[in-house]
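> Take this structure first; my questions come after.
The values are calculated or read from the model by the stated rules, or taken from the named source; none is laboratory data. Bear in mind the structure is a predicted one, so any value in this text is a computation, not a measurement. Quick reminder, even Gly has a Cβ in these numbers, built from the backbone with ideal geometry, and neighbours come from all protein chains shown. All accessible areas refer to the heavy atoms of the entire protein, side chains included, with ligands and DNA or RNA removed. Shrake-Rupley method; radii C 1.70, N 1.55, O 1.52, S 1.80 Å.
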Amino acid sequence: MAMRPGTEQKLLDAAEELFFTQGIAATPIDAVLERAGISSATLYRGYASKESLVAAALARRHDDWLATWDRAVAAAEDDRGRLLAVFDALDAYRSTPSGSRWCAFLGTAAEYVDAPSDVRAVLDRETDTLRRRLTESAEPVVGAHAGALAEQLLLLVSGYLAMRLREPGLGTATARAVADALLGAAERPVPARLHT
């Protein structure tokens, strides 16, 4: 028997709230069940383990994040704005009920030395999606340098998210300024070498 959608929603809400604010290891599954108001028998109808619940909560969070990013991209006026929209999306996502004190994906990766395969698959998908979307957004702006710029922006976004642990109220202004400088450097043509 499958889990009812309303029950699954409550379970994922509780898992997301507790795992991504208190920590996965620090949150016993009983606390998630109590918050959701469901039994362990109901849990195991939909999820084989705590880790499969973590993976499902991350997958849902990934979809929510992409929807937020898509809205920021749609609001941008030009290619440069669409590339930098990742920072608008970070600010917007942080203000949502599911926005946590930092990144649930970085937190999950930090908690597992060797993540179970279902959790690892979601973590890899999130990183791959971020890298791919940044590269695709950079192509119209910097052409052949898109891959390199995307790697720099990926590191910048990850660093910004990690800094939110140290400074909970930190906005994206500094990260955006660094991204703008990186983008400016990538847009400048490399001067041809003079032969003497």
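> Within segment 1-11, restricting attention to residues that are open to solvent by less than 40 Å² (accessible area, probe 1.4 Å) and part of a helix (DSSP H, G or I), which residue is farthest from ALA110 (Cα to Cα)?
Only one residue fits best here, namely THR7.
> Please tell me if ALA89 is open to solvent by less than 60 Å² (accessible area, probe 1.4 Å), hydrophobic (A, V, I, L, M, F, W, C) and farther than 22 Å from ASP180 by Cα.
no
> Regarding ALA175, is this residue among the aliphatic types (A, V, I, L, M), assigned to a helix (DSSP H, G or I) and without any contact (Cβ under 8 Å) to a residue 24 or more places away in the chain?
no
> Could you grab the pairs with beta carbons closer than 7 Å, sequence gap of 6+ or different chains, first residue in segment 150-162 and in a helix (DSSP H, G or I), second one basic (Lys, Arg)?
ALA150/ARG131; LEU154/ARG131
> Follow-up question, since we're still on this one. Can you list the helices (runs of 4 or more DSSP H) lying wholly within segment 12-76 that have 1 or more residues being hydroxyl-bearing (Ser, Thr, Tyr)?
40-46, 50-75
> May I pose another question? Being more than 21 Å from GLU187 (Cβ to Cβ) and either over 13 Å from the mean Cα position of the chain (by Cα) or among the charged types (D, E, K, R) (or both): is that true of VAL142 here?
No, not satisfied.
> To continue, here is another question. For segment 119-146, how many residues are more than 25 Å from ALA56 (Cβ to Cβ) and loosely packed, with under 14 Cβ neighbours inside 10 Å?
Count: 4.
> Let me ask something else. Is there any pair linking a residue in segment 115-144 that is under 14 Å from ARG80 (Cβ atoms) to one that is open to solvent by 50 Å² or more (accessible area, probe 1.4 Å) and of a type in the set (Asp, Glu), with Cβ under 7 Å and at least six apart or on different chains, and which?
PRO140/ASP79; VAL141/ASP79; VAL141/GLU187; VAL142/GLU187
> Being charged (D, E, K, R), more than 17 Å from the chain's Cα centre (by Cα) and surrounded by fewer than 19 Cβ atoms within 10 Å (Cβ to Cβ) is the requirement here; does GLU77 meet it?
Answer is yes for this residue.
> Which of the residues that make up segment 150-176 are out of contact with any Lys or Arg (no Cβ under 8 Å at 6 or more places or on another chain) and open to solvent by less than 60 Å² (accessible area, probe 1.4 Å)?
Within segment 150-176, LEU153, LEU156, VAL157, SER158, GLY159, TYR160, LEU161, ALA162, GLY171, THR172, ALA175 meet the criteria.
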